[in-house]
2 protein chains.
Amino acid sequence: MRVLIVLFLFIHSFLLQAQKDTTKLNVAIFLYPGVELLDFAGPLEVLANAKDMQVFTVAADTGKLYSMRKSLTILPDYNFKTVPKVDILVIPGAGESLMAAVNKPENIAWINSVYASSKMAMSICTGAAFFAKAGILDGKKATTHWGATHMLQEYAPKSTILDNARFVLDGKLLTTAGVSAGLDGALFLVNELRGSAEAQKIARAIEYDKWDPSAGFIVGKSIAKVSPKSHKVLDPICKMKLTSEDVFITKVYGNQSVSFCSAHCQEMYEADLKSKK
Amino acid sequence: MRVLIVLFLFIHSFLLQAQKDTTKLNVAIFLYPGVELLDFAGPLEVLANAKDMQVFTVAADTGKLYSMRKSLTILPDYNFKTVPKVDILVIPGAGESLMAAVNKPENIAWINSVYASSKMAMSICTGAAFFAKAGILDGKKATTHWGATHMLQEYAPKSTILDNARFVLDGKLLTTAGVSAGLDGALFLVNELRGSAEAQKIARAIEYDKWDPSAGFIVGKSIAKVSPKSHKVLDPICKMKLTSEDVFITKVYGNQSVSFCSAHCQEMYEADLKSKK
């Protein structure tokens, strides 16, 4: 029984950080229907473990919502009217439901107002589309999911979208690559605001030994370990850069070989060919 | 606008797997109050992306529950009475609320009945304590969070708890190291049940390039890349093995230098010393 009590207390004292400082920061995780689960769960895990950070979830309304693929049913803590002051804003990405949320003026208005007074703001994966829509990405360097860099570049022509960094910091704006890269971005955020010892401690608490603080691109600072990915061919529909690591479809049309990320893009390409005949 | 539609469809087709096969597997993620968020969100993300896996959450009852540190409010999909047949059982860990859930006979009874007819079962982090309590760990090799291996070994004396593998497979039982190791374990599970191309595809979809399929210990098969961690000193209270990577407390008592994982263990040690005087 003593072992069990010690087990309680050890994990309690190790993972649950005491909140003592007066510099406590409020972290808002923005949620919306269809949000990608790991996009926000990774940063939420990291930041809830960080010294003197109070993390909560916010959505346009506090009714229940589903994450992508209805994988989880969530009740947000606050809506736009009840949310406390936000020091750090975290915006996860999504798949098919992304643009419906990006195109809601109330979401963008809230993001713009919160961003203005925030200490730092962060997007994960395709969550960068919210910052693009809000005009926050203009003139900045940023990144997103490897399969969406080209599309984000078209959507945010005044920004420079990098496709070779796990996260990018430009001023107070931090953007990360896809899904699991939110872990790296959040650890980097802790590194910036609470120091590297705190970030390393959390990485160790969540056994994320794989964290590499130098895998990001910091605008105005040195660039380390950022090597461009080798791109083989371009999907003519979604413009995704297909590498040898991808499982993709290649088909010959006339005397030309064309590759697609999925059957869906292939169908769109063939429909396009048909309409031109 | 065309870019946006393609963005919808691309991410939709890439991340949302069509479910066509007749060999569809039901995956149950067991939840309980205080469950560690990333422990289950990582595997939930991976398995919901896998071909022909239907993932849902289950708890003793379907009322709302909080994850550890009240980081997220969740509504479980099913309770023990309404849950469909389970092919794959996933049990995440927790901190201070772990043993309250482990000591609930209805939880253990459900786990035992589901385990018997399951195809595979998996625990993440301290979730292994549920399998220990259920007797499922007896005679098996397993792992848990690096800070809890010693305690799990005391709690499950008939098992062999390994402290040098990211995940361990013994028969149909898969156990993983702490928190983020659930990602690696879930990808390995996909590798076993759906093949390595599918596992690699998901790792790439969630940009978890860091996944190393050989970082596990497979009982009865070859062991690759498993190197023991270098342990420096033992916390005399919680028995945690402190390495040079940890931020820990060292204090001299008489002519003896003693190290602790936290101020809490130090207090317990000093109270113990005092009572012996």
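Odds and ends about this structure:
- Qualifying positions in region A:172-182 - out of contact with any Pro (no Cβ under 7 Å at 6 or more places or on another chain) and either assigned to a helix (DSSP H, G or I) or modelled with pLDDT under 95 (or both): A:ALA177, A:GLY178, A:VAL179, A:SER180, A:ALA181
- Output for region A:50-59, where each listed residue is part of a loop (DSSP other than H, G, I, E, B) and either small (Gly, Ala, Ser) or at pLDDT 95 or above (or both): A:ALA50, A:ALA59
- Single condition B:ASP184 does not satisfy, out of (1) surrounded by fewer than 24 Cβ atoms within 10 Å (Cβ to Cβ); (2) without any contact (Cβ under 8 Å) to a residue 40 or more places away in the chain: (1)
- All positions within region B:111-138 that are of a type in the set (A, V, I, L, M) and crowded, with 18+ Cβ neighbours inside 10 Å: B:ILE111, B:VAL114, B:MET120, B:ALA121, B:MET122, B:ILE124, B:ALA128, B:ALA129, B:ALA132, B:ALA134, B:ILE136, B:LEU137
- Test for B:ILE74: is it open to solvent by less than 50 Å² (accessible area, probe 1.4 Å) and in contact with a helix residue (DSSP H, G or I) (Cβ under 8 Å, 6 or more places away or on another chain): no
- Region A:1-47 - residue that is modelled with pLDDT under 95, more than 7 Å from chain B (Cβ to nearest Cβ) and open to solvent by less than 60 Å² (accessible area, probe 1.4 Å) and, of those, farthest from A:GLN200 (Cα to Cα): A:ALA18
- Qualifying residue in region A:208-225 (condition: buried (at least 21 other Cβ atoms within 10 Å of the Cβ), within 14 Å of another protein chain (Cβ to nearest Cβ) and modelled with pLDDT of 90 or more): yes
- Residue ID - farthest from B:MET68 (Cα to Cα), chosen from residues in region A:185-221 that are assigned to a helix (DSSP H, G or I) and among the charged types (D, E, K, R): A:GLU192
- Region A:48-68 - residue that is of a type in the set (Val, Ile, Thr) and more than 7 Å from chain B (Cβ to nearest Cβ) and, of those, least open to solvent (accessible area, probe 1.4 Å): A:VAL58
- Qualifying residue in region B:88-110 (condition: within 25 Å of A:SER67 (Cβ to Cβ), among the polar types (S, T, N, Q), in contact with a helix residue (DSSP H, G or I) (Cβ under 9 Å, 6 or more places away or on another chain) and open to solvent by less than 20 Å² (accessible area, probe 1.4 Å)): yes
- Residues that are among the small types (Gly, Ala, Ser) and either open to solvent by 60 Å² or more (accessible area, probe 1.4 Å) or closer than 18 Å to B:LYS24 by Cα (or both) within region B:194-207 comprise B:GLY195, B:SER196, B:ALA197, B:ALA199, listed in sequence order.
The values are calculated or read from the model by the stated rules, or taken from the named source; none is laboratory data. If you're wondering where the values come from, they're calculated on a predicted model, not measured in any experiment. Note that we place each Cβ from the backbone using ideal geometry, even for glycine, and neighbour counts take in every protein chain shown. Heads up: the accessible areas ignore ligands, DNA and RNA and are worked out on the full protein's heavy atoms, side chains in. Shrake-Rupley method; radii C 1.70, N 1.55, O 1.52, S 1.80 Å.
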